[in-house]
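Heads up: the structure comes next, in structure tokens.
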Amino acid sequence: VWEQEGLSVHHSVSPAGGVVGTFDPRTKAARSVTIMSQRGRTWVFPATIDRPQGAMQAGDLGEGDDLPVYPGSTKGLTLRTSDLGRGSVVATYSNDGGLTKNTEFYREQMGARGWGEDHVPSFEELEGHRTLVFEQGISRCTINLTPVGDDDQVIVSVILEGSNDER
């Protein structure tokens, strides 16, 4: 539908799930759909971000915002926005590192940057999906890791919320 509206669409989707996203310059909103399919169930998470300050430039996966990016990550979409007066960055991309290595990488990298990890309850229905939450001062960073298929591909979605002074 978005392509029929003339919008550029970024996607990485397989029978096991994935992500589809676009930025609509007419409404100045970013739209995305994250899809997960496991054990005969499909989970779909639509999202709209109003008033993003900028969409991804080539090669921008959030490194300029001091976000760690798993080596070899590609197919990204990064948006910057202001939510209730606080600057935010939303980065979504994929890599072939597997769930265990991605989890270890983000825990190590965030810890090295001075972020403390919060405990997040797991949900049996989302088996294989990992959510990591980190805090530093008044900033919060949520990293969602979603395995796709039987191979090692992982969809990474990073949501960084912080004050305008910090972002």
For residue 1 and residue 43, extending 7 Å from Cα along the Cα-Cβ vector and measuring point to point gives, in nm, a value of 2.3
Place a point 7 Å from the Cα of residue 99 in the direction of its beta carbon; the residues of region 5-43 whose amide N falls under 12 Å from it are 37-39
Here, residue 135 and residue 109, labelled 7 Å along Cα→Cβ, have an inter-label distance in nm of 2.3
Here region 28-37 yields Karplus 3J(HN,Hα) values (6.51, -1.76, 1.60; θ = phi - 60°; whole Hz; Gly and Pro given as x) of 6, 10, 9, 10, 8, 9, 9, 10, 9, 10
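Only the coordinates and a few stated rules stand behind these numbers; no lab work does. The structure presented is a predicted model; accordingly, all values stated were derived computationally and were not measured. All Cβ positions, even for glycine, are placed from backbone atoms using ideal geometry, and neighbour counts span all protein chains on display.
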